[in-house]
Structure formats: C-alpha cells, structure tokens
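The values are calculated or read from the model by the stated rules, or taken from the named source; none is laboratory data. Just so we're clear, the structure is a prediction, and the values are computed from it rather than from any experiment. We place every Cβ from the backbone using ideal geometry, glycine too, and count neighbours over all the protein chains shown. The protein model used for the area step is the full one, side chains on, heavy atoms only, and it has no ligands, DNA or RNA in it. Shrake-Rupley method; radii C 1.70, N 1.55, O 1.52, S 1.80 Å.
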Amino acid sequence: MDTQLNRNLTLILTAIVLVASVTLLLHTTNFSIGLCLLTCTFIAVVLFRDYILKVDLHRRTGVLFLVSQQALALIIWVVSEDFFAQVYVLILIGEFTFHHSRNRSLIFTIVSYICCLLSLWIFKQFPPYEQIFFTFPRIIEYFAIFGMSFLAKIAFQQKNQLARDNEQLRIASIELERKAILQERTRISREIHDSVGHTLTSALTGLQTAAHAIGKSHYSLALEMIDRTKDNILSGLDDVRTSVHLLRENLPSHPFIPELMGLIEETEKLTNVEIACEIDTTIPELSPMIELTIYRALQEGITNGIRHGNSTLFQFSLTYDSAYIRFMLADNGKPPLQIVHGFGLNAMNERVADVGGKLAISSHNLAGGVTLEITIPYQAKTIERSEQLV
C-alpha cells in the first residue's frame, strides 16, 4: 500500500475511534468504570497496533489483531447496549475489507454480524419483539461498509495500476528516445566516416601522385592532380554537410546508377586506380535505404582496398534477379592475415542488416586481395515502404 495513503487512513480511523469513544461514553445510559476501561483498552490497542508495533494488516499478525479487536468491540457493545459501540465493529469491517480479499472480507463481515446477534441473544435474551426491527435491518449497515470499503480498495488498486502503467510508459518513452538518439548518432557517424574516409583517402592518393609528379618535374600533371584533389575535398565537404542535415536521402535530382558511376569515375581520376564495373541495367527502382547501403558499401570497400591493401585494380558488379540484389567488389591488393571489423566494416554490416541483407568478406580468391559480397532481398524495399507508410 502507498505509504502516504496508509498514513492518512490510519490518522482518519484513529480520529473516528476517538470521537466514537467519547460519544459512546457520553451517550450511553449504562456508563460505568468497566465500560470506560474497556473503551480505553480498545483505544490503547488501536494506538499500540498502528503507532508502536505498526502491524501490517495483510499478514497473520494483523488478522489476529483485528479479530481480538472485534471480540473487544462486541464486549463493549453488550456492556453499553448502545448503537455507537457498533462503530468499532464497522471500522474493523472496513479495515479488514481494505486489506484482504473479497471472500475473506465477506466472511469477516458475516461473522461480525452473527456474533453481534449472538451476543444480544446470549447476554440480553434478545431485544423485545417490538425492537427486533432495529436489529435485523442493520445487516444493511454491515454490508454497506463492506461494499464501500471494497470499492475503495478497487479504486485504490486501479489508481496504483494506472500509476505503475504511467511509470512504465514514461520509462519506455525515455528508453525509446534514448535508442532513437543513439541510432541517429550511429547513422550520422556512419555517414561522416564513409564520406570523410573516402574523401581523405582519395585526396591523400592524389597528393602523393602530385608529389611524385613534382619530383619528376611534371608540373602540369602535379597541378592537375592538385586541382582534382581540391575539387574532391570540396565535394567531400558538401557530402559531409548533406550527411549531417539530410543523411543523404535519395533525391530525384540524384539518380542512383549515375551516382555510382560518378563515384567510380571520380575515384579513378583522383587515385589512378582502375575500377572495372558491371551494373545490371534491369535493376528496378530501389528504396533510399538500399541505395544508400550499396553506395556506402562501394565507397567504403574502395577506400579500404586503397588504404589497407594498396589495391590498384577493382572489379565491381551489381546484379539483380527476381529475388535478390547482389553486390560484389574484389580488389588485387595485399590480402590481410586476418580480417578485422573496424568501425567502417561494422557500420557497413549494420547498414546491410537494416535492409535485411547479408554481408560476406573473404580474402581467399585467386587474384589475391579481398572480396566483398552483399546480398539484399528485393522484398526489403516493400517492407521498408510499408514501415514508412505506418
């Protein structure tokens, strides 16, 4: 039970007990020292239970306290012969109902009423016939207290459940927001890594070529390579800006196949590598995510081949059948002893997985170097579009 609510209920019930006790002692015509002592005992039990022992009424000890208080309340009722003594019993019914199950509370209510009738019958030989109508209708009071307490418990449980659901929803919302931010950061880091890495690798290769040309007094070639490198850096800067702001959405003004060819041609000009490509002209329109995955995979594959394998020749193919888009990039560079997935390859693998594809990297082909293969199911486009519509 909520601590604050429990404290408030305890204060309210204690106040009702005190007021009922004072009213009983002032109202009863059978006032006596014995009745006063019994009433003070009842009050003492309530205070001792709630403020000293702080008994949990859900447990067996709490049930024993409630039953003992019920017996004491019945004794006070018999001694006083006053209606106000029933207030004690009604309070106990409310407390029991609020802390226990419906069936147990119903039994406690029925037993309380039966005990009241038996007490009157045993000690007072039952009221005169003309006063019986005061006794039997009071069953309504008992069950009214039971019903109100049970409804209060249901309302409290629903309030608690709603609070728990709201808290879970708040936590889930925070977690979803955190994941969204993390995914967005990951996407941006991928874009910047791929675009900047490719740009810097191409620029470095171009500057090395220019330096070599200067060393052999081929100044015109050196100036040409420097100009190309400058243009490449400016293009890379624009690509970074696009990555940060738009994460390179596939716009109508940037057709996919010409973009791939542009990347290949620009790389050949700046790095003096040869890229033999075969692109299936029957490839249908792809979703932006698939196009971006293929573009970045080609960019990262060429960059890794030049940077880590000193590759001078690449073979690239992009084909399509009725079920899959197949990407293959092989180079003639020095094959690594062990393929280690750094940030670039991990980012590529995540991109491929996001569109439902598979990535395979091998370094055991006949021409040496590394072969990068990606297979993407064509239906991934349909799935992605459905998600966008939702």
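The criterion of being among the acidic types (Asp, Glu), modelled with pLDDT under 85 and surrounded by fewer than 17 Cβ atoms within 10 Å (Cβ to Cβ) does not hold for GLU278. Determine whether segment 351-368 contains at least one residue that is over 17 Å from PRO288 (Cα atoms), open to solvent by less than 30 Å² (accessible area, probe 1.4 Å) and among the hydroxyl-bearing types (Ser, Thr, Tyr). Scanning segment 351-368, I find at least one residue that is over 17 Å from PRO288 (Cα atoms), open to solvent by less than 30 Å² (accessible area, probe 1.4 Å) and among the hydroxyl-bearing types (Ser, Thr, Tyr), so the answer is yes. Checking each residue of segment 263-271 against the condition of being within 20 Å of ALA347 (Cβ to Cβ), within 45 Å of the chain's Cα centre (by Cα) and of a type outside the set (A, V, I, L, M) gives at least one match.
The test for being more than 23 Å from PHE143 (Cα to Cα), at pLDDT below 85 and in a helix (DSSP H, G or I) does not hold for ASN30.
Results for (1) surrounded by 14 or more Cβ atoms within 10 Å (Cβ to Cβ); (2) in contact with a helix residue (DSSP H, G or I) (Cβ under 6 Å, 6 or more places away or on another chain), shown as yes or no for each residue.
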{"position": "ARG296", "(1), (2)": "yes, yes"}
{"position": "THR303", "(1), (2)": "yes, yes"}
{"position": "GLN315", "(1), (2)": "yes, no"}
{"position": "SER322", "(1), (2)": "no, no"}
{"position": "LEU337", "(1), (2)": "no, no"}
{"position": "GLY342", "(1), (2)": "no, no"}
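For segment 190-213, a residue qualifies if it is open to solvent by less than 80 Å² (accessible area, probe 1.4 Å) and either touching a Pro at 6+ places or on another chain (Cβ under 8 Å) or modelled with pLDDT of 70 or more (or both), and the qualifying residues are THR199, THR201, SER202, ALA203, THR205, GLY206, THR209, ALA210, ALA211, ALA213. For segment 81-123, filtered to residues that are polar (S, T, N, Q) and open to solvent by 10 Å² or more (accessible area, probe 1.4 Å), the residue that is farthest from LYS153 (Cα to Cα) is SER119. Residues that are at pLDDT below 80 and open to solvent by 50 Å² or more (accessible area, probe 1.4 Å) within segment 133-156 comprise PHE133, PHE134, PHE136, PRO137, ARG138, ILE139, ILE140, GLU141, listed in sequence order. Within segment 163-187, the set of residues being open to solvent by 100 Å² or more (accessible area, probe 1.4 Å) and modelled with pLDDT of 80 or more comprises ARG164, GLN168. With the condition kept exactly as written, say whether any residue in segment 33-49 is under 20 Å from ALA155 (Cβ atoms) and touching a helix residue (DSSP H, G or I) at 6+ places or on another chain (Cβ under 9 Å). No, segment 33-49 contains no residue that is under 20 Å from ALA155 (Cβ atoms) and touching a helix residue (DSSP H, G or I) at 6+ places or on another chain (Cβ under 9 Å). Please enumerate the residues belonging to segment 30-62 that are without any contact (Cβ under 8 Å) to a residue 12 or more places away in the chain and either touching a Gly at 6+ places or on another chain (Cβ under 8 Å) or among the β-branched types (Val, Ile, Thr) (or both). Scanning segment 30-62 gives ILE33, ILE52, VAL55, ASP56, THR61.
Only one of the numbered conditions (1) loosely packed, with under 12 Cβ neighbours inside 10 Å; (2) of a type outside the set (S, T, N, Q); (3) modelled with pLDDT under 90 is violated by LEU64, and that is (3). Looking only at segment 19-48, which residues are within 16 Å of VAL89 (Cα to Cα), hydroxyl-bearing (Ser, Thr, Tyr) and open to solvent by 30 Å² or more (accessible area, probe 1.4 Å)? Passing the criteria: THR23, THR41.
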